[in-house]
Amino acid sequence: MGIQITPSVLNADLSRLADEVARIPSADWVHVDVMDGHFVPNLTLGLPVVEALARHSELPLDCHLMIEDPDRWAPAYAEAGAGSVTFHLEAAAAPVKLARDLRAQGARASMALRPATPVEAAAHVLGELDMLLVMTVEPGFGGQKFLDLCLPKIRRARELVSAQGLELWLQVDGGISAETVERCAEAGADVFVAGSAVYSADDPDAVVGELRRLAEKSA
């Protein structure tokens, strides 16, 4: 697997989601941020929107659940058509069981870590996952500044994945742009979520291509 670019529609025109997705045809996934106003202080898209978007998007959906009780709700997003579902270690009661439930529904199982959560806390779960998401901002809002202090954590995550001999994707999300993507790729990330950097541009798909070029150069 090579570099993958996953634009977040959090910064797109939410009234025209299908059209906005059509503006990034060269992307690998569409990143959908689901927030419940409890686990994070923001409220965004939910299950009905994901179901509708899955019917109208030719790109697979990568749903990042920033919600309480993902053990209960996450499998429904796989049923709704998400190709990858990410839950937070900090919110899951039984992360191993949840990862297996997501895989049983046909989705890739992914787990996210907030910036303050050490990657070692996820070490025992890595073998059950298809992807690990290292947040490079505090989850909850788009457009935040990249946290450089997360770079050693990305490197450590890659070391743990390699030590266990896993073919695990390593995703980063938060402040990813042409100014930060190379450092993340050099640290070991291979899946990149970019929101405002993509959708603030006149040509979002051109930004997808540039991010891919920069990441591949440094990977």
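The values are calculated or read from the model by the stated rules, or taken from the named source; none is laboratory data. Quick caveat: nothing in here was measured; it's all calculated off a predicted structure. Because the Cβ atoms are built from the backbone with ideal geometry, glycine has one as well, and the counts that use them run over all protein chains shown.
The figures follow:
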item	result
Residues (assigned to a loop (DSSP other than H, G, I, E, B), touching a residue at least 40 places away in the same chain (Cβ under 8 Å) and of a type in the set (A, V, I, L, M)) located in segment 196-219	A219
Pick from segment 160-195, criterion of a type in the set (G, A, S) and assigned to a helix (DSSP H, G or I), ranking: farthest from A12 (Cα to Cα)	A163
Answer from D130, D173 - the residue that is over 24 Å from G209 (Cα atoms), modelled with pLDDT of 95 or more and under 14 Å from the mean Cα position of the chain (by Cα)	D130
Any pair with Cβ under 6 angstrom, 6 or more apart, that starts in segment 88-107 at a residue that is farther than 18 Å from H38 by Cβ and surrounded by fewer than 18 Cβ atoms within 10 Å (Cβ to Cβ) and ends at one that is at pLDDT 95 or above and among the charged types (D, E, K, R)	A94/D71; V96/E128; Q105/E79
Scan of segment 22-49 for residues that are surrounded by 18 or more Cβ atoms within 10 Å (Cβ to Cβ) and over 16 Å from the mean Cα position of the chain (by Cα), ordered by number	R23, I24, D36, F39
Test: residue in segment 165-185 that is among the charged types (D, E, K, R), out of contact with any Asp or Glu (no Cβ under 6 Å at 6 or more places or on another chain), over 23 Å from D33 (Cα atoms) and free of Cβ contacts under 8 Å to residues at least 40 places away in the same chain	yes
All positions within segment 82-116 that are among the charged types (D, E, K, R) and farther than 18 Å from D173 by Cβ	K97, R100, D101, R103
Some residue of segment 123-145 being under 15 Å from Q171 (Cα atoms) and among the basic types (K, R)	no
Some residue of segment 44-53 being at pLDDT 95 or above and part of a loop (DSSP other than H, G, I, E, B)	no
